[in-house]
Structures are given as structure tokens and as C-alpha cells.
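**Student:** Quick one: the structure is below, and I'll ask about it shortly.
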Amino acid sequence: MGSSYDEVKNALDVPSEFVFIILLPMLAFPLILYLGMKFNGQKFWKENLKEGGLVALPVMAASLVLSLVLIRRFINETSVSDTSTVFSWANFAWFTEGATTEISLYSLNFGLYVDHVTVMLLFVASFLCLLINIFSIGYMNTDEVNDNKNHRFYAEFVLFCSGMLGMVLSDSFLWLFIFWELMGLCSYLLIGFYYDKPSAAYAAKKAFLTTRVGDVFLVIGLAMLWNLFQPYASGGDALAFATVFDHSNLQMLADAGKQGALQLALGFMFIGAVGKSAQFPLHVWLPDAMEGPTPVSALIHAATMVNAGLYLVARMFPIFGDSAMMGEFSDLAFIIALVGGITACMAALIAFVQMDLKKVLAYSTMSQLAYIFTGLGAALWLANSLDWGEYPNKGIVVVAFGAALFHLFNHAMAKGMLFMASGSVIHEMHHAHHDLHHHHHDDDHHDDHGDDHHDDHFDAQSMANMGGLASRLPITATAMFVGSASIIGIPLIGGFWSKEGIIANTWRVAVEHDPRFYIPAFLVLITAGMTGFYMSRMWFMTFAGKPKTEVAEKVHEQTPWIPIPLLVLIPMSLAGIVFASLKSTYFLGYKGYKLGEDGLLEGFLYEMDHIFVNPGTNYLLVLTYIAIFLSMVLGPCAAMALHGGRLDEGQKAKPWMQWAVTLSGKLNDKYSFAGWAEKMSESSFGEALRQRLYFDKYYDMAMMKIVAGFSNLSASFDKNVVDGFAIKTIIEKGGQDSSRIIRSITTGSARDYIMMVAVGTLAIAILLWGVN
Amino acid sequence: MLDDFDVITLILLLFPFLMSIVMLTITGMVSESSRRKLAPVWRMVSLGVSMALFIVASMMFTGQIGGVDWTGIGFNEYEFLYQYEWISSLGITWQVGLDALSFPMVWLTTFLLPVTIIATWDEKKGAVYHPLILLMGATLLGVFVSLDLFMFYIFWELTLIPMFFLILKWGGKDRKYASQKFFIYTFTASVIMLLGLITMYFSMPSNTEIAMDNAGEYTGRTFDLLEITSIAQSVNAGGIWLENLHLIIFAMLMIGFLVKLPAAPFHTWLPDAHVQAPTGGSMLLAGVMLKMGAYGMFRIPATLFPHALEHFQFILMLFGFVSLVYGAIVCLGQTNLKKMVAYSSVSHMGVILLGIASMQPIGWAAALFMMFAHGIISPMLFAVCGAFKHHYHSMEIGAMRGMAKHSPWLATSMMFGWMASLGLPLLAGFVAEFLLLIAYWHEFGWWILGPGLALAITAAYYLWSMQRTIFEGGEETQPPKEMEGKPIPDISDMEKVAMLILAGFTILFGIFPAIALDMMSDWTVTMFQTLFGGA
């Protein structure tokens, strides 16, 4: 043992100038709001500054550059400064009663902290914030519904970015939570961006409240955590990572027999993560959150904020990995994996029947985040229960943890891209519908054609209205294709490497150590096949076959700005193999391994060998092939047979997609089990899936019937009993006489009263003076 | 610069007092028509006086006046102490001074006065209204600066008078009932408190037993709080001061303060008073007047009877617990916007009680910070309610939807205030809540689920009310009937200024709570050490 966990905890001392990564977007928030209020409607503001889009852009670019500098420093470990505390938030005292009664001083500080978990998420956050800013300029500013409202969007957008970057960089659990809530606020505001839509207002409230339930547990968990580490942090910050991760502190805690209490605190904090990352049973808010504009869905509800819960759990890794806590937290690790497994499978099932393009992606997000939770659960179990000093345990732990984080990276890139691509589809569908509508009604409806095209009955998000878009939206279709492949885990593409790692490690724990893990292990394995189905279903329904509506025929890519982030992210999603060759899973799990130490080819061969030949453990090799079969063959083929089809005559997709379209057409012709699918869809199970397994219904019912009912009862109790009976009936009726006297001198004139007071005071003063 | 300027406390108190009396007297003497002309003048004078107070108080805060380092003040040490012999026969002195408990409240009062005047710039009968607000502020300052129990009680009751008139003259439909209920309810409680004070006065040892500087010539006892505190401390060091009576006196005093706070089940005067009170009255009532209860608890019973505090710790916690949780649940059942905000005050005052009951310096500091933070946030809530009523002629939640469209400023202010009140981090309210939870978990363990539940419910009622005011308002919801055909106005420029000031300070104390928290925390430490003998 000894050195290994210390290396895990090795963090860079960050010069506090890097606080500008957070501060720049935070300061841009009031600036954009102010400029918007002042210049809305003016041409320069609208055309040249894109109503704030081009104010936000350089800010986000600066944040990205600063982040990259910081990441570079971390990798190279060049600069070391001895302070990272930016300012002291609260100082206070604590009273300990015991053998020696004493008062000690504490503080809660804000500072910056960068380690191997941070750098990856820091890159993901700042990189995607910039790309989605670019996308937003194309998406938001070309829709006249948003005219003169975009400043609000960009202001809330930059505030969100500062929250996300702040959460990643902060050096204590408290400030992690503070920025976490700031993101929650922005999420609320942006989901409710179209505030006059009742559904958006409802969705915003639902999102905030559901995550708030988790946050309450998180904040209680923090209170518990502070109390646990308080004895070892005299004069300092008991919630700082430096204190909480410190081996000697943890050792003292273990010696005091507080392992159970620590597990409880971490468990409470995990409930917060469940809410934020939309996991069972607090998952209900995420699909509704798609009411927000698509860039918001891409950034907040797919690529960054929902990762906050994962980040929080990943942050606990050094505590789990500490030798002082060895074997103590296996229950919590199992619960984390189990919640992940259940959510993964449940969300994938619900995604089967969604017709709304964004909702499919939302459930897919939920399911993939659940994968990461399962992976983290397995990694934390390994970290907690294995003796790091024995070969090859250290490597196993590091790879397991790295795989979960690597999946976070792959998922963020792919899902951010998928959402932007879906936004592109929706946007172009809108445009096409708008043009068509305009054309048809040119004579009689000229005035109000564009007033509010959210109100007409055409659903631009429904896949039932799409079809055959592969040739009409080549860039978007490619992005969707690659993104879906990455999420499904098609071999050699992005998500494959990490997903295989997660499945393998969960099985490893189940087979070799803790049989309870068979449940999540089995769930994530079958979910791999289900992912293959619903992602393929989405792609083929949207892009293959014949256009299902007139609108879909007219669609073509025309909006500027939108393709840029797609083109950037396509290689990022494909590049999984490059990162895998760099042994990034080792790096992410453990700072001791450097990126690119061995050279790309060597790394590539190592990874290929590791995944496909796997000399050590036979069952993992079998597992790999089962997973590949399920996700690459069974799922997509079923989807192709059901929803595939050739494009229109004369339409041809790009060659890298055309083969899939053609194949789907063949499969569709040959094995269409549409009758069976229809029967399934009409069954009660199909209905239950469409109703999202009734969670929303029962939660709403509980809220409306129990909570609202009880509160109304309390309100009337307060009015009729506490006030009505006790005060009005007993005291007031009993006090009629005194009130009558007061009423008789209540002349109603302010002058009289003031005179009375003055005279009375004077009289008392004279009287007392006389007595004196 | 003005290093030895102790008399400033006295000036701080008397200047607004006399100015408002002069203005009210002149108003009373002139005719109806000249009153109308007088209104803008008195408004400017009131604003000027209150601004001057605010500037002086802020300069005292930064140390430019008096050169005080507020973080260095220990328990029972006072700055700007000014003593004048008043009624020596009974041991009553005119004694004013400031410490880290009272000074934040004094600063808060001087801060809220100009903000209130600005927020209710166009209130009717301005020639009386604005001086009355100033008078209200003066009496509140009196409560916080006086260090003589007799004086304290006089100012304590004097605060009722301007507030009574504010509710009675500028209130809503049921103002008569509400103002009388407010007056009688709190007055009755204060009388019990007074009886407690008198019992204490006569049961304490006389100057024949203990040496006293300010003992009354006839009674041989004193109302001088500093002196009583030192006596109590010296007795408490080896035993219990007023051993056979301390629990009863403590309980009597606490009744007065609990009603003022108010804690459930003594809270029912508050919603009535708030709903009927004019905006300015509500702002001062929620902002400062409620804190008199918490201030009093720290100043008198906790200071003098620490053993009784320990004895009643659990009961106090229960009062706080019920106020917090029950208050929040009742909030959720309200349909009237202002009533909801009023009940939210009950709920937040519960946090203060929990802080006191936690018996930790940090819990006490959290309670002090809650008094301060709620004093900035709740006026904003009531200013929003006032503007809502003013523009939409209704207080019902759901009467007016889609405010974000019609009145973006009001909608933004509302959302800001609501978010601050539900404890969003980076805003002032969160600081107190978080520090409290730390102390609360330590002291009461799983009882923490109650405050946790309250946190969630608080979010629920605020979000639910925002959903039906700020949001929605598409086609299916219309503005209230009276509003039809009229343009829907946003808040006035003066109201905007007031909202911006309140919001700015909420953010300032949320991100840098240490500005105010440091002095509170240092003071509570020395208080704790003195009372409970920590090393």
C-alpha cells in the first residue's frame, strides 16, 4: 500500500489568477443583460453582435484558452504556486464539550483545485460551452420568435457556464454545491425560456423541485461531513478536498469508528447526485426539460450539468480509495451501481416508444449517465475493497475508474453533438414548414404568417413527420450517425472503449468479488443491446426511408453557424481510439500515468489486444463479444427491420451512410415484423412505456393530492383553529371589554394619537422628575 | 477622523426622532391643501435624514467614524457608549451603545429607511406617511441602541405606535381589525415581558449586598443592563443567578420575544398585519421589527440566564422546528401572495430559533446572520408584493400571469427575491441556512430532516407561485377584469432603484458574508465563552 492512494490525491496547486475562468462568464452575465435592455431592436446589436451571442463568444473562448493553459500545466506540472485559496467565505467558531472544553476557529473558503478528475471535465465543459455558443448563434438568432429575447438567453447561458466551470474548479464540497445550485437556477431559467408556454413553466418548476429534493439531502450530507471532519480541521476548512481527502484525517476518523457515519454522509450526498443527474427515482424532470431551447438541452441537459452528479460521485473516489476506509463503503458502492443499472435499463425501455426526437435523446442521456454511475459504482467498490499494494489491483482500480470517466467524456461529446444535430433537424424542419406554410397562404394570411409558429399544429420535433432526411441534411445526418454509433458503442468508435470498460468492470466485481453486482452487471449488459435498438430506431426513422410529410421533402441545410460545432465534434466523437491509445483511462483514473507515454501505435495495439483478445480473463472476453453482438448486431438490425427503408428515387446519402440506408431497406423488406411490433405497442406494456412507466403520473398525484392537500389542510387549520378558535373565539371574545375601551379612544385621527403620546410621555417625565 | 465620538449613538437616535416629530407637528397644523404641497418636501427631508443616518452608520461600519474594529468587540463590551443619569431614584439611566449584536441591526434599520422611502415614493398622504416611516425607524433604532432595560422597554412599546398607524391609515380593507390585533397581541406579550423584567428587578440583590454604580436611591437596584450583566455573570460563574426564579423570569421574557418574532403558535397576528399593512409598513415590519424578538432573546434572557437557556434548549428547538416546518407547509396552502410571504417570514424566523437552540457559537452566528440577511431579503419580497398589488389590483396568486412579458422588471425582482428567500447559494439567505444546518446536525441529529423538508417545501411554494405569476399567461389566461383594455405597466423607476439596491446587497452579503459574519461570529464566541466557560 502506501504510496498508491497518495498519488491518486495528487493535485496541482493552482495560481488564483485562473479564477478568471469562472469570473469572465460571470461578469458577462450582467453585461449582456444590460446591453440587451439598452440596445434591443437596434441594428448593430441585432446583426453585428447577434443580440449578445458575439459578446458571449469571446468570453467563452477566453475561458477555454485559460482552461487549456491550466490543463497543460497540470499535465506537465510546470508551475507550482503555494496558494489556491481565493477568499475566505465564512469564519466561525465551534465549541467542543468533552474532556477539555474548548472553542476552536474554522473557516469555509473558496479556492481552486485541479486534479485528474477535474481536468477532463474542465475541458469538456469549456470546450462544449464554446461550441454550443456558436451553435446558439445559428439556432436562436435565426428564429424570429426569439427576437429581442436572445440577450436573456445569452446572459443566462454565460451564467450557467460560469456555474459549471466553477463547480469543476472549486476546492471544496461546499463550493461545489454552491455552483451546483447556480447551474440549477440557470437550468430553471432556460427551461422556462419560453415562459408563456404553460408546459415550459411546468417543466421548469418540475426540474428545479425534483433536483431540489436531491439537493436537500446533499446539503444535509455536507452538514454531516463537516461535523465528521471538524475535529481534524482546526483553523481550516473542514469541507475542503485537501482536508477530506487527507489520509491521516481519514485514518483518525477510522480509528474513532466513524466509518459508518462517513458512509451515511456520502450516501446523502449521493442522493443529490441522483437528482442532478436524473437517475431513478428522481429522473422525471429530464424529459420535460426538453421544453427549453435545443442549445440548452445540448449544453445543460446532455453535456454538462447532468454530469455534475457524476462529478460529485467521482470526487468521492479518494475517500473510497483510502486505505483507512478499506472495505467500509462497499454497500454504498453497490447502491450507486444499482441505481445506475436500474436507470440505464428503465430509460432505454422508455426510449423505445418515444416519438419526439429530443425526448429519445433525453432518455438516452439518462441511460448513458446511468452507465457511468454503474461504472463508478464498480470502480468505487474496487477502490474501496481491494488492496492497492497487491499486483495487479492498482491497475484494475485505475482502469475501472478511468473507464467511467472516459465514458463521461465520450458521452458528453457525442450527446452534445446529437442534440445539436437534432436541433439542426428541428430548425430546418421549422424553416421548411414555414416556407411551405407561407407559400400556401400567401394571398390571404400575409400578415400573421410568422407571428408565432410554435402555435400551429405541426410538430417539428416528432419523428413521425420526418424520414428520408439523410440526403437532405448531409452534415447533420453524419453527425447523428457518428454520435449514435458512439453512444451505441460500435467497435472502435468513441463510446465503445469506455462502455466495454464499464460493462467488463461491473462483471468483474460481480464474478470475482461481490455477487450483488450481478444485478447491475446484467442490467447494463442488456441495456447495451437496447441502446443499439433505440438509437438506431431514432436515426433510421429520421434519416432513412421516404419522407413522411411534405415538409420533410423540402428540408435542406441552410442555417449558418450550426454546422460548425457539428464538424468539430464529429472527429471528437470518432477520436475515442486516439484517446484510448493514449491510455487515457489510466490517466483519468490516476495521475501517475501520462498521456501519450508509449506512442500512439503501441497504445493502439495494447488497447486492441486488451479488448478483443484479453489474455487474462476469459469470461470478460466472452462478455465483450456478447456486448458487441447485442449493441452492434441485434439492436440495430431490429431497428432497421422495423423502421428502415430506402430513400426516395434519385436521393442519395453520403457513402458512409448510404450502405446503412440500403441495408436497412433490405432488412425492412425481408423481415418486417411490423405486425408484432404493433401488437407490442398496443399492449399494456407499450402503453406503460408511453406513460413513462407512470412515474410522472404518480409523482404528480402525490404532489397534488398529498402534499398540496395536506398544506391546504394546514392552512385552514391555521386560519380556523390556531387563529380562529384560539385567538378569535377565546381571546378576542374574552377580551371584548378591553377592545371596547381602545375603540372608544380610537378617534381615527393621527394628530390625536400623536398628541396623546406626547402628552402621556411628558406627564410621565414630569412625574418622574418630581419624584426624583 | 472622528475617533472619539461616542455621542453619535445618541444623535443617531434623536435626530430622526425629533425631525419626524417636527414634520408631523407642522403637518398637523397646516390646512389640507398645504399638506399636499408639503408632501414632496417632507418626502425629500425624510429621505435626506435617513440617507444621512445610513451614511453615518456605514461610516461607523467601516471604522471611519469612531475607528472601531467591530470584529474585536467582546461580549458585554460596547462601543459608542453614552451614559446619562436619568431617574436615579429607580436606578434608571439613559444609556446607549453598540456592539456586534446591535450594530448590524442598527445598520440594517438605517439601510432600510431610505430604501423603504424610495420604494413607496408615491404613497398617498405623503406629508404624514414619510415622516411616520422615519419615526418608525427612530423607535426601532431606540430598541437596538438602548442599554438600559427601562429605556429598552419604552422603545419596545413605542415601535408599536407608528406601525399601528401605518397599518390603520394606509392599510387594506380589514386594516382596523389587523392593526388592533397587531397592537393588542404584541402588547399583551410585552406586558408579560415587562412583568418579567420587574420581577427580575426586585428579586435581584440590592446594593447593600453587591456594590453597584447606578443603583436607584430608593430601590437599591438598577436597570443598567451592563451592570446587571456583570452581576449575573459573577453569580453565574459559581452558581445560578436568581436560582429560584430564573426559569420563570426567563419564560416570561421569552413569551414577549417569541410573540414578537413570531414563533408558531403565536404567529397569527403577523399574516393579518402584513396583508393589511402598506408596503412600507410591511418592509419595516418584516425587515427589522420581527428581529426585535430575536435581538431581545440574545440581549436579555440568553445573556442573563444561560442556565435557563440550557434548561429550555429542547423546547426552544421545538418552537423553532414547528415555526420552520409548519410555517412552510402553511405557506404552500396560501392563495394570497402577501400572506404566503408573511408565512414565509414565520418559517424563516424558525431558523433563528433553531440557531439559538443549537447552543453553538456558529449556530448563534447563523441566527444573527439570518436576522441580517432576512432583513435585506424580506423587504424585497414585500416591495414586490406591494408593486404587484399596486399594478394588478389583486393579491391572488394566479390573478395575473405572464408577468415576464408585461412587467419584466417586476418579474425579475420577484424571481430574485423568491430565489434569495428559498436559500439559493451566493445570496445572503443561504449562508445562515448552511451554517445553521452544520450546528443543528451536531446538536439534534436526525431532527435535521424537518428543516430539510422545510427547505424543499420552501422551494415548492415559491416556484409554484412563480409558475402562476411570472410564467404562463399565453392565450388561456387573461389579466384581471379591472385591467382589461388598459396597458399593463411595469414598476416605476423609484421602485426599480429600491429593488436594485436590495438585490445588490443580497448578492454582496451572499458572496462575501464575512463582511458581516466575522463580527457576529467573534461576538458570539466571546459570549459563549463568558456564559459557558469555554477555554
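The values are calculated or read from the model by the stated rules, or taken from the named source; none is laboratory data. Predicted model only: the values in this text are computed from it and were never measured. For neighbour counting, all protein chains shown are included, and Cβ atoms are generated from backbone atoms with ideal geometry for every residue, glycine included. Side chains are part of the model used for accessible areas, which takes the heavy atoms of the whole protein and leaves out ligands, DNA and RNA. Shrake-Rupley method; radii C 1.70, N 1.55, O 1.52, S 1.80 Å.
**Student:** With the condition kept exactly as written, say whether any residue in the range A:8-15 is modelled with pLDDT of 90 or more and either open to solvent by 30 Å² or more (accessible area, probe 1.4 Å) or under 23 Å from residue A:173 (Cα atoms) (or both).
**Tutor:** no
**Student:** Another question, if that's okay. For the range B:154-170, state whether one or more residues are in contact with a helix residue (DSSP H, G or I) (Cβ under 7 Å, 6 or more places away or on another chain), more than 10 Å from chain A (Cβ to nearest Cβ), farther than 14 Å from residue B:281 by Cβ and open to solvent by less than 20 Å² (accessible area, probe 1.4 Å).
**Tutor:** yes
**Student:** In the range A:559-576, how many are open to solvent by less than 60 Å² (accessible area, probe 1.4 Å) and in contact with a helix residue (DSSP H, G or I) (Cβ under 7 Å, 6 or more places away or on another chain)?
**Tutor:** 11
**Student:** Are there any pairs with C-beta distances below 7 angstrom linking a residue in the range A:703-715 that is under 16 Å from residue B:336 (Cα atoms) to a residue that is outside any helix (DSSP H, G or I), with the two at least 6 apart or on different chains, and if so which?
**Tutor:** A:711/B:333; A:712/B:333; A:714/B:333; A:715/B:333; A:715/B:334
**Student:** Among the residues of the range A:142-160, how many are out of contact with any Leu (no Cβ under 8 Å at 6 or more places or on another chain) and assigned to a helix (DSSP H, G or I)?
**Tutor:** Total meeting the criteria: 6.
Every residue, every condition in (1) assigned to a helix (DSSP H, G or I); (2) open to solvent by 10 Å² or more (accessible area, probe 1.4 Å), yes or no:
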position: B:80; (1), (2): no, no
position: B:84; (1), (2): no, yes
position: B:89; (1), (2): no, no
position: B:94; (1), (2): no, yes
position: B:106; (1), (2): yes, no
position: B:115; (1), (2): yes, no
position: B:118; (1), (2): yes, yes
position: B:144; (1), (2): yes, no
position: B:151; (1), (2): yes, no
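**Student:** Let me ask you something else. From the list B:56, B:68, pick out the single residue that is open to solvent by less than 50 Å² (accessible area, probe 1.4 Å) and not in a helix (DSSP H, G or I).
**Tutor:** One residue alone meets the criteria, B:68.
**Student:** Further question on the same structure: Is it the case, given these coordinates, that residue A:331 is at pLDDT 90 or above, surrounded by fewer than 24 Cβ atoms within 10 Å (Cβ to Cβ), under 20 Å from residue A:214 (Cβ atoms) and under 20 Å from the mean Cα position of the chain (by Cα)?
**Tutor:** For residue A:331, the condition - at pLDDT 90 or above, surrounded by fewer than 24 Cβ atoms within 10 Å (Cβ to Cβ), under 20 Å from residue A:214 (Cβ atoms) and under 20 Å from the mean Cα position of the chain (by Cα) - is not met.
**Student:** Hey, does the range A:197-215 have a residue that's under 11 Å from residue A:156 (Cα atoms) and open to solvent by less than 20 Å² (accessible area, probe 1.4 Å)?
**Tutor:** no
**Student:** Identify the residue in the range B:509-535 that is touching a residue at least 12 places away in the same chain (Cβ under 8 Å), more than 30 Å from residue B:235 (Cβ to Cβ) and more than 9 Å from chain A (Cβ to nearest Cβ) and, among all such residues, is surrounded by the most Cβ atoms within 10 Å (Cβ to Cβ).
**Tutor:** Among residues in the range B:509-535 that are touching a residue at least 12 places away in the same chain (Cβ under 8 Å), more than 30 Å from residue B:235 (Cβ to Cβ) and more than 9 Å from chain A (Cβ to nearest Cβ), the one surrounded by the most Cβ atoms within 10 Å (Cβ to Cβ) is B:516.
**Student:** With the structure loaded, tell me whether residue A:713 is surrounded by 11 or more Cβ atoms within 10 Å (Cβ to Cβ), modelled with pLDDT of 80 or more, at the interface with chain B (Cβ under 9 Å from one of its Cβ atoms) and over 22 Å from residue A:348 (Cα atoms) or whether it fails that test.
**Tutor:** So residue A:713 fits the description; yes.
**Student:** If residue A:276 meets every condition in (1) modelled with pLDDT of 90 or more; (2) more than 30 Å from residue A:572 (Cβ to Cβ); (3) charged (D, E, K, R) apart from one, which number is that one?
**Tutor:** In the conditions (1) modelled with pLDDT of 90 or more; (2) more than 30 Å from residue A:572 (Cβ to Cβ); (3) charged (D, E, K, R), residue A:276 misses (2) alone.
**Student:** Further, regarding this structure: Which of (1) open to solvent by less than 10 Å² (accessible area, probe 1.4 Å); (2) among the polar types (S, T, N, Q); (3) more than 15 Å from the chain's Cα centre (by Cα) is the odd one out, the single condition residue A:227 does not satisfy?
**Tutor:** Of (1) open to solvent by less than 10 Å² (accessible area, probe 1.4 Å); (2) among the polar types (S, T, N, Q); (3) more than 15 Å from the chain's Cα centre (by Cα), only one is false for residue A:227: (1).
**Student:** Further question on the same structure: Of the residues in the range A:506-525, how many are within 24 Å of the chain's Cα centre (by Cα) and either over 27 Å from residue A:574 (Cα atoms) or open to solvent by 10 Å² or more (accessible area, probe 1.4 Å) (or both)?
**Tutor:** 3
**Student:** Separate question: Which of the residues that make up the range B:320-350 are open to solvent by less than 10 Å² (accessible area, probe 1.4 Å), hydrophobic (A, V, I, L, M, F, W, C) and either more than 10 Å from chain A (Cβ to nearest Cβ) or not in a helix (DSSP H, G or I) (or both)?
**Tutor:** Passing the criteria: B:337, B:341, B:342, B:349.
**Student:** To continue, here is another question. Among (1) within 13 Å of another protein chain (Cβ to nearest Cβ); (2) not in a loop (DSSP other than H, G, I, E, B), there is one condition residue A:119 misses while meeting the rest; what is its number?
**Tutor:** (1)
**Student:** Still on this structure, please answer the following. Is it true that some residue in the range A:92-111 is of a type in the set (A, V, I, L, M), outside any strand (DSSP E or B) and at pLDDT below 80?
**Tutor:** Scanning the range A:92-111, I find at least one residue that is of a type in the set (A, V, I, L, M), outside any strand (DSSP E or B) and at pLDDT below 80, so the answer is yes.
**Student:** Hey, another quick one. Restricting to the range A:627-655, name every residue that is surrounded by fewer than 16 Cβ atoms within 10 Å (Cβ to Cβ), out of contact with any helix residue (DSSP H, G or I) (no Cβ under 7 Å at 6 or more places or on another chain) and under 13 Å from residue A:471 (Cβ atoms).
**Tutor:** Within the range A:627-655, A:648, A:649, A:650, A:655 meet the criteria.
**Student:** Quick check, is residue B:317 assigned to a helix (DSSP H, G or I), farther than 23 Å from residue B:240 by Cβ and either touching an Asp or Glu at 6+ places or on another chain (Cβ under 6 Å) or open to solvent by less than 10 Å² (accessible area, probe 1.4 Å) (or both)?
**Tutor:** When the stated conditions are applied, residue B:317 does not pass them.
**Student:** On to the next question. Would you say residue B:267 is closer than 30 Å to residue B:123 by Cβ and part of a helix (DSSP H, G or I)?
**Tutor:** Judged against the criteria, residue B:267 is not a match.
**Student:** Another question, then. Which condition number does residue B:404 fail, the rest of (1) small (Gly, Ala, Ser); (2) away from every other protein chain (no Cβ under 13 Å); (3) part of a helix (DSSP H, G or I) being met?
**Tutor:** Of everything listed in (1) small (Gly, Ala, Ser); (2) away from every other protein chain (no Cβ under 13 Å); (3) part of a helix (DSSP H, G or I), residue B:404 misses just condition (2).
**Student:** Something else: Quick test for you: out of B:415, B:380, pick the one residue that is in a helix (DSSP H, G or I) and at the interface with another protein chain (Cβ under 10 Å from one of its Cβ atoms).
**Tutor:** Selected residue: B:415, the only one of B:415, B:380 that is in a helix (DSSP H, G or I) and at the interface with another protein chain (Cβ under 10 Å from one of its Cβ atoms).
Yes or no, residue by residue, for (1) among the acidic types (Asp, Glu); (2) over 20 Å from the mean Cα position of the chain (by Cα); (3) facing chain B (nearest Cβ under 10 Å); (4) part of a helix (DSSP H, G or I):
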position: A:180; (1), (2), (3), (4): no, no, yes, yes
position: A:186; (1), (2), (3), (4): no, no, no, yes
position: A:202; (1), (2), (3), (4): no, no, yes, yes
position: A:209; (1), (2), (3), (4): no, no, yes, yes
position: A:212; (1), (2), (3), (4): no, no, yes, yes
position: A:235; (1), (2), (3), (4): no, yes, no, no
position: A:238; (1), (2), (3), (4): no, yes, yes, no
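**Student:** Taking the range A:105-147 as the search range and keeping residues that are over 18 Å from residue A:428 (Cβ atoms) and of a type in the set (Ser, Thr, Tyr), which one is most open to solvent (accessible area, probe 1.4 Å)?
**Tutor:** The qualifying residue most open to solvent (accessible area, probe 1.4 Å) is A:113.
**Student:** All but one of (1) of a type in the set (Ser, Thr, Tyr); (2) closer than 30 Å to residue A:346 by Cα; (3) under 34 Å from the mean Cα position of the chain (by Cα) hold for residue A:671, so report the exception by its number.
**Tutor:** Against the list (1) of a type in the set (Ser, Thr, Tyr); (2) closer than 30 Å to residue A:346 by Cα; (3) under 34 Å from the mean Cα position of the chain (by Cα), residue A:671 comes up short only on (3).
**Student:** Follow-up. Give the residues of the range A:159-178 that are more than 16 Å from the chain's Cα centre (by Cα) and either within 12 Å of chain B (Cβ to nearest Cβ) or farther than 16 Å from residue A:120 by Cβ (or both), sorted by residue number.
**Tutor:** A:170, A:171, A:172, A:173, A:174, A:175
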